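**Q** This is the structure I have questions about; it appears just below.
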Amino acid sequence: MDTLKIFMAVMVCAFASCANKSTPPVQQEESIAAVPEFNADSAYMYIENQVAFGPRVPNSPAHKACGDYLISELKRFGAEVYVQETTLTAYNGDRLQARNIIASYDISNPRRVLLFAHWDSRPYADNDADPDTRRTPIDGADDGASGVGVLLEIARQLNAQTPAGIDIIFFDAEDYGPPSFENRSYTPDTWWCLGSQFWARNPHTPNYRAAYGILLDMVGAKDATFYKEETSVKRASSIIDKVWGEARNLGFGKYFLNAKGGYITDDHQYVIAGRNIPCIDIINYNNDNIRGFGDYWHTHDDTLDNISRETLKAVGQTVMGVICKPLN
Ligand code: AHN
Ligand code: ZN
């Protein structure tokens, strides 16, 4: 009799797993509002527009023009826009005319969510195979423009209806760190993420708080793989679970891998440390590459050709789903 019960139970399980070939959905909370449809063509166009200015290297005319474009787009999408202008000092003493661009929705709502990306692009292609091309700036279609493109499309959707108090920040001067052909002693705080470090010390509203934050960095490459970055897991494990669970439920598990990635110096580190906001970094990570990122990373291959609407959709729809869930 007991044997029969066990046999029946095994058969039920076998049938259930057969009927649902993919991994079972993750238990997630109900959305608080209808989740808007993220338009990947629109996000792609925002990336195209940024790349068309040329490399967005601080102090360049393209950087100035692209910053103006981002501000005008965010205003067009109904956001309250603050521009934080400052001069930042780079690792080599260069003085960078920098702007952090901040767009807020439902400003009177004390319960806030922060979405961010860097909008500057790298002055060097220091990972290029050809030494002759390493000193020229890159397009940064993925490294820079992709996160901004996804967030502009989210902003466009929030204009119609925002599910929460949402702040979108485009940080400047993230990628002005020393090129690998200069051998510098390792001082990452003076190299990367200068805009977010400035904002963390001088938030656009006093004592700025958010329930959580999500950084999008290199979220557009074809066949991107997002691993669970180490600090994100340590400091915001429930947000990692929310985002990876949502991605899996939406069928994007081939991008959002259920695997741990290494520690990454990126803007989220400074938002976590400086503002005590739990943040995660969604970043295209590649365990097989010695540098930890895609082969195109910090090379002249970081172009529009490498950008995939399918990847943009996976990231954009996932983030959209997450911000439509209740805060807890
Ligand atoms: C470093 O590997 C030092 N930083 C990764 C963060 C980054 C650079 N994101 C884009 N470019
Ligand atoms: Zn970079």
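Here, each number is a calculation from the coordinates, and none is a lab measurement. This one's a predicted model, so the numbers in the text were calculated from it and none came from an experiment. Neighbour counts run over all protein chains shown; Cβ positions are idealised from the backbone, glycine included.
**Q** Rounded to the nearest 20 debye, what is the charge dipole size of the chain about its Cα centre when +1 sits on each Lys and Arg Cβ and -1 on each Asp and Glu Cβ?
**A** The dipole magnitude comes to about 1040 debye.
**Q** Continuing with this model, one more query. At R0 = 41 Å, how high is the FRET efficiency between Asp241 and Arg95 if r is their beta carbon distance? Nearest 0.05 is fine.
**A** On the way: r = 42 Å, r/R0 = 1.03.
Once the sixth-power term is evaluated, E becomes 0.45.
**Q** Can you tell me the length gained on complete extension of the stretch Glu48 to Asp305, counting 0.36 nm per residue apart and subtracting the Cα distance?
**A** Length gained between Glu48 and Asp305: 91.5 nm.
**Q** If you take the beta carbon distance between Leu327 and Ala129 as r and set R0 to 45 Å, what does 1/(1 + (r/R0)^6) give as a FRET efficiency, to the nearest 0.05?
**A** That pair, Leu327 with Ala129, gives E of 0.45.
**Q** So, one more: Let me spell out the model: positive unit charges on the Cβ of Lys and Arg, negative unit charges on the Cβ of Asp and Glu, origin at the Cα centre of segment 224-328. What dipole size does that give, in debye rounded to 20?
**A** 540
**Q** Now, a different point. Which residues does a label at Ala33 reach in segment 53-97, if reach means a backbone N under 18 Å from a point 7 Å past the Cα toward the Cβ?
**A** Correct set: 74-81.
**Q** Suppose we flag trypsin sites (Lys or Arg not before Pro) only when DSSP calls them loop and at most 11 other Cβ atoms lie within 10 Å. Which is the longest uninterrupted stretch of the chain? Walk me through the numbers on the way to the answer.
**A** On the way: sites that count: Lys21, Arg291.
After excluding every exposed loop site, the longest remaining stretch is 22-290.
**Q** Could you state the angle between the C-alpha long axis of helix 147-160 and the longest principal axis of the C-alpha atoms of the chain, as a value from 0 to 90 degrees rounded to the nearest 10?
**A** With both axes taken from Cα atoms, the answer is about 70 degrees.
**Q** Which Rg and Dmax, in Å, describe the Cα atoms of the chain?
**A** When restricted to Cα atoms, the chain yields Rg and Dmax of 20.6, 80 Å.
**Q** If you don't mind, another one. What base-10 log of the normalised intensity I(q)/I(0) is obtained for segment 196-328 from the Debye formula, alpha carbons as equal point scatterers, at q = 0.17, 0.21 Å⁻¹?
**A** So the normalised log intensities are -0.93, -1.29.
**Q** Something else: Count the lysine pairs in the chain that are 8 or more places apart or on different chains: how many have C-alpha atoms under 16 angstrom apart?
**A** Lysine pairs, 8 or more places apart or on different chains, close enough: 11.
**Q** May I pose another question? Quick one: what are the phi-derived ³J(HN,Hα) couplings along segment 252-261, Karplus 6.51/-1.76/1.60 with θ = phi - 60°, whole Hz, x for glycine and proline?
**A** Those phi angles translate into 9, x, 6, 8, 8, 7, 7, 8, 7, x Hz.
**Q** Per DSSP helix of 4 or more residues, -39500 (n - 2.57); summed, then divided by the residues of the chain. What does that give at 222 nm, rounded to the nearest 500?
**A** Helices in the chain give a 222 nm mean residue ellipticity of -10500 deg cm²/dmol.
**Q** Over all directions, average the projected area of the Cα convex hull of segment 265-328 and note it in nm².
**A** In nm², the orientation-averaged hull projection of segment 265-328 is 6.2.
**Q** DSSP beta bridges in segment 187-328, what fraction antiparallel, as a percent rounded to 5?
**A** 20
**Q** DSSP loop chymotrypsin sites (Phe, Trp or Tyr not before Pro) in segment 258-328 with at most 15 other Cβ atoms within 10 Å of their Cβ, which ones?
**A** Answer by residue number: Tyr263.
**Q** Tell me, what is the percent relative contact order of the chain, built from C-alpha pairs under 8 Å that lie six or more residues apart?
**A** In percent, rounded to a whole number, it is 24.
**Q** Using modelled backbone amide H atoms (1.01 Å from N, in-plane), which distant-in-sequence or interchain residues come within less than 5 Å of Asn59's amide H?
**A** Residues meeting the amide H criterion: Gln97.
**Q** How far, in nm, would the chain grow between Asn289 and Tyr186 when pulled straight, counting 0.36 nm per residue and subtracting the alpha carbon separation?
**A** Difference between extended and current length: 35.0 nm.
**Q** For segment 112-128, take each phi angle, set θ = phi - 60°, evaluate the Karplus expression 6.51 cos²θ - 1.76 cosθ + 1.60, and give the result in whole Hz per residue in order, putting x for glycine and proline.
**A** Along segment 112-128, the couplings run 10, 10, 10, 10, 8, 7, 9, 10, 6, 10, 6, x, 9, 10, 5, 9, 4 Hz.
**Q** Let me test this: with uniform point scatterers at the alpha carbons of segment 105-165, what is the Debye-based log₁₀ I(q)/I(0) at q = 0.16, 0.27, 0.28 1/Å?
**A** For segment 105-165, the Cα-only Debye profile gives -0.63, -1.08, -1.11.
**Q** Okay, moving on. Can you grab the distance from the C-alpha centre of segment 261-323 to the C-alpha centre of segment 49-105, Å, no decimals?
**A** 20
**Q** Using alpha carbons only, how many degrees (0 to 90, rounded to 10) separate the axis of helix 237-249 from the longest principal axis of the chain?
**A** Between helix and principal axis, roughly 70 degrees.
**Q** Longest exposed-loop-site-free stretch of the chain, with GluC sites (Glu not before Pro), DSSP loop and at most 15 other Cβ within 10 Å? Working shown, then result.
**A** Details: sites that count: Glu29, Glu30, Glu37, Glu182.
By the stated rule (loop sites, at most 15 other Cβ atoms within 10 Å), 183-328.
**Q** Now, a different point. Can you list residues whose amide H is under 5 Å from Lys228's amide H, if they're 5+ apart or on another chain and H is modeled 1.01 Å from N?
**A** Distant-sequence amide H within range of Lys228: Ala259, Lys260, Gly261.
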